[in-house]
Every structure is written in structure tokens, then in C-alpha cells.
Amino acid sequence: GGCLGGVNIFSGDNVKDAMGGAGFTEGSGGSRAAAPTPPPEPTPEPEPEMTEEEKAAKQSKEAALAEKEKGNAAYKAKDFDVAIKHYDAAIALDPKEISFLSNRAAVKFEQAKYAESIEDCEKAIEVGRENRADYKAIARAMTRIGSCHVKQGDLDQ
């Protein structure tokens, strides 16, 4: 057993010990004795140098996120055409990010371009699954498809 922050921690093997069974010793966490000095922190490894390809990918992702933020600001201001331009740019820079497609789908939904919104959502789901995106992001795209069908009065889908 062990002691962490004054709380006894037991695995399956020590449960009988915790219940007062044979073998329960002072060292199992019942003692208030000073903990042994922890070993010194290991020196962190230096960051490996990035290849030119990795640097370019990182810059591309950062630029894509900046475009997304501009798109989000335009969306909040209900300047939908500008928002779409920024989301298009973000998608071009980082086509594996589900949120850019999902955000563009949201703009098209607001513009009542439901068929286009559904296309973006379907693409977002595909990209999300290929890149193991958070299931909540995929679920949002699926929900928006349903909302588009509701707005279209097309509830047989």
C-alpha cells in the first residue's frame, strides 16, 4: 500500500490489509512519519529541432487558427460572407481540422443555405472520423444536419 497526501491508497492485493487483515504494517500508510525525500526532478530533455516540414505544418496550423478566429468574429457580427472567406482560408491551410468545416456549415445554416450546410457537415464528419476528432465535434455536425432537414421541412431523412 501507499500513502498519498495522507490518504491510504490500496490496490486489490492490499484490500485485506486495509480492512485490518494480516500483514498491515506501519509502513502501509498509517504512519505520520516524514515521507522520504523525493528524487530530484529530471532535467527536461531539450526540445528536438523541428524539420522544415514540421515548422511549415505548425505555421500552417497557426495561420489556419488565426483565420478561424477572424471567421468567428465575422460570424458574431453576422457578416456571413466575410466569415465564409475566413473559414475557406482556414480549411485550405489545415484541411484535417473538423471545426473549420463545422463553423462554415453554421454560417451556411444561418444564411438558409441548408443543402450547402449539410454538405459541409457531411465533409466535417468524414474529416473528423479520419482524424479521430472529438466525438462531440462529430455529433455537432450530425445535429446540424438534422436541424437543416427540420428547416427544410424534410423530416424523412
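Miscellaneous remarks
- Gain on full extension, evaluated as 0.36 nm per residue between K58 and D134 minus their Cα-Cα distance, stands at 25.3 nm.
- Remark: for residue pairs K85/K123; K78/K123; K61/K113; K55/K85, the C-alpha separation exceeds 20 Å in K78/K123; K61/K113; K55/K85.
- Summing charges over all other residues whose Cβ lies under 14 Å from the Cβ of S60, with Lys and Arg as +1 and Asp and Glu as -1, gives -2.
- Counted charge near E110, where neighbours are those whose Cβ lies closer than 12 Å (Asp, Glu -1; Lys, Arg +1): +4
- For region 115-157, the solvent-accessible area with a 1.4 angstrom probe is 69 square angstrom per residue.
- Charging the Cβ of each Asp and Glu at -1 and of each Lys and Arg at +1, and nothing else, the dipole of region 67-157 about its Cα centre rounds to 280 debye.
- With a cut-off of 14 Å between beta carbons, the residues surrounding I98 carry a summed charge of +3, where Lys and Arg count +1 and Asp and Glu -1.
- Distance between region 116-131 and region 86-102 - C-alpha centres, whole angstrom: 11 Å
- Karplus-derived HN-Hα couplings along region 61-78 (A = 6.51, B = -1.76, C = 1.60, θ = phi - 60°), whole Hz, x at Gly and Pro: 4, 5, 5, 5, 5, 5, 5, 4, 4, 5, x, 5, 5, 5, 4, 4, 7, 6
- Segment M142-E126, extension gain: residue separation times 0.36 nm, minus the distance between their alpha carbons: 4.7 nm
- Listed by chain and number, the aspartates and glutamates whose alpha-carbon sits under 18 Å from that of K70, ignoring those within fewer than 8 places in the same chain, are E62, D79, D81, D88, D94, E97, E110.
The values are calculated or read from the model by the stated rules, or taken from the named source; none is laboratory data. All values derive from a computational prediction rather than experimental measurement. Note that we place each Cβ from the backbone using ideal geometry, even for glycine, and neighbour counts take in every protein chain shown. These accessible areas exclude ligands, DNA and RNA; they are computed on the full protein's heavy atoms, side chains included. Shrake-Rupley method; radii C 1.70, N 1.55, O 1.52, S 1.80 Å.
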